[in-house]
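S.K.: Would you mind keeping the following structure in view while I ask a few things?
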Amino acid sequence: KVGQACGANGISWSTRSESQAGGYVLIIAKAKPGITCTLPAALPTVAFGSDGTEAGPAEQSVGDAITLGKGTIAYAGVNPKTTNDDAGKELDSIIVGVGNEDPNPVSLPVETMTVDKPVVTNWHTVAADAVPFGGGTDQ
């Protein structure tokens, strides 16, 4: 039996601010009760604030597809600022979609943060694996 692809509207979303790697936002995705679905082997789509600044990849290759449901939770880490200067915009929300084609992305509140050249990790089943170090490197 082929599982259905996850859409943002079939997922219970939450975020948590983390201090590792200079500070990042951990996105937590759980299937809503009664739903089993698959996150594709692709980066989540993450954009910031009203102007839609999109996060680039924090890892060199995409991870495996993850089936949500029955207690499986997926995590992705977003580093809002990968530059070492004072540049950036102050934003206080992120928009998350399962992929570029997700028709129902969700807006999630986060602490106000400075955003400049943000990056996002792949989906992972272990929160510690979703720490976004630098940009474009597997570490």
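S.K.: Tell me which of V110, T36, L91 sits at the most positive position along the dipole axis of the range 8-129, charges placed on C-beta atoms (Lys, Arg +1; Asp, Glu -1).
M.R.: It is T36, whose Cα lies furthest towards the positive end.
S.K.: Moving on. In the chain, what percent of the accessible surface is made up of carbon and sulfur (1.4 Å probe, ligands and nucleic acids excluded)?
M.R.: Carbon plus sulfur share of accessible area: 49 percent.
S.K.: What list of ³J(HN,Hα) values in whole Hz, one per residue of the range 8-14 in order, does the Karplus curve 6.51 cos²θ - 1.76 cosθ + 1.60 (θ = phi - 60°) give from phi, with Gly and Pro shown as x?
M.R.: Karplus-based 3J(HN,Hα) across the range 8-14 equals 4, 7, x, 10, 8, 9, 8 Hz.
S.K.: From the residues S17, G71, G56, which one has its Cα farthest along the dipole of the chain in the positive direction, the dipole being from +1 and -1 charges on Cβ of Lys/Arg and Asp/Glu about the Cα centre?
M.R.: G71
S.K.: About the Cα centre of the range 8-129, how large is the charge dipole given +1 on each Lys and Arg Cβ and -1 on each Asp and Glu Cβ? Please answer in debye to the nearest 20.
M.R.: Rounded to the nearest 20 debye, it is 520 debye.
S.K.: One-quarter of the Cα convex hull surface for the range 8-129, in nm²?
M.R.: That works out to 7.2 nm², a quarter of the Cα hull's surface.
S.K.: Next question. Between beta-carbons, use under 14 Å as the cut-off and find the net charge around S50, counting Lys and Arg +1, Asp and Glu -1.
M.R.: Numbers: positive: K89; negative: D51, E54, E90, D92.
Summing Lys and Arg as +1 and Asp and Glu as -1 gives -3.
S.K.: In addition: What is the range 33-138's relative contact order, in percent, from Cα pairs under 8 angstrom and six or more apart in sequence?
M.R.: That works out to 39 percent.
S.K.: Moving on. According to the square roots a ≥ b ≥ c of the eigenvalues of the Cα gyration tensor, what is the shape class of the range 78-139, taking rounded for a/c under 1.5, prolate for a/b larger than b/c otherwise, and oblate for the remainder?
M.R.: Because a/c hits 1.5 or more and a/b fails to exceed b/c, the range 78-139 counts as oblate.
S.K.: Now for a separate question. Could you state the accessible area per residue of the chain in Å², with a 1.4 Å probe and every protein chain left in place?
M.R.: The answer is 52 Å² per residue.
S.K.: OK, next. Applying 1/(1 + (r/R0)^6) with R0 = 22 Å to the Cβ-Cβ distance of K70 and A5, what FRET efficiency is obtained, to the nearest 0.05?
M.R.: Numbers: r = 17 Å, r/R0 = 0.77.
About 0.80, to the nearest 0.05.
S.K.: Under 20 Å Cα-Cα from K117, which aspartates and glutamates qualify once same-chain neighbours fewer than 8 residues away are excluded?
M.R.: Filter leaves E18, D51, E54, E59, D85, D86, E90, D92, D138.
S.K.: Which trypsin sites (Lys or Arg not before Pro) in the range 58-139 sit in a loop by DSSP (not H, G, I, E or B) and have at most 10 other Cβ atoms within 10 Å of their own Cβ?
M.R.: Of the trypsin sites (Lys or Arg not before Pro), the ones in loops of the range 58-139 whose Cβ has at most 10 other Cβ atoms within 10 Å are K70.
S.K.: May I pose another question? Karplus couplings for the range 18-30 from phi (6.51 cos²θ - 1.76 cosθ + 1.60, θ = phi - 60°), rounded to Hz, Gly and Pro as x?
M.R.: After applying 6.51 cos²θ - 1.76 cosθ + 1.60, I find 10, 9, 4, 6, x, x, 7, 10, 8, 9, 10, 10, 10 Hz.
S.K.: If you stretched the chain out fully between S17 and V126, how much longer would it get, using 0.36 nm times the residue separation minus the C-alpha to C-alpha distance? Before the final figure, lay out each step's value.
M.R.: Working: separation 109, 0.36 × 109 = 39.24 nm, distance 1.60 nm.
Extra length from S17 to V126 when fully extended: 37.6 nm.
S.K.: Name the long-range amide H neighbours of C6: under 5 Å, sequence gap of 5 or more, or other chain; modelled H, no Pro or chain starts.
M.R.: T38, L39
The values are calculated or read from the model by the stated rules, or taken from the named source; none is laboratory data. Note that the coordinates shown come from a computational prediction; the quantities given were computed from them, not determined experimentally. Heads up, the Cβs are rebuilt from the backbone with ideal geometry, glycines too, and the neighbour counts pull from every protein chain shown. Just the protein is used for accessible areas: all its heavy atoms, side chains included, with ligands, DNA and RNA removed. Shrake-Rupley method; radii C 1.70, N 1.55, O 1.52, S 1.80 Å.
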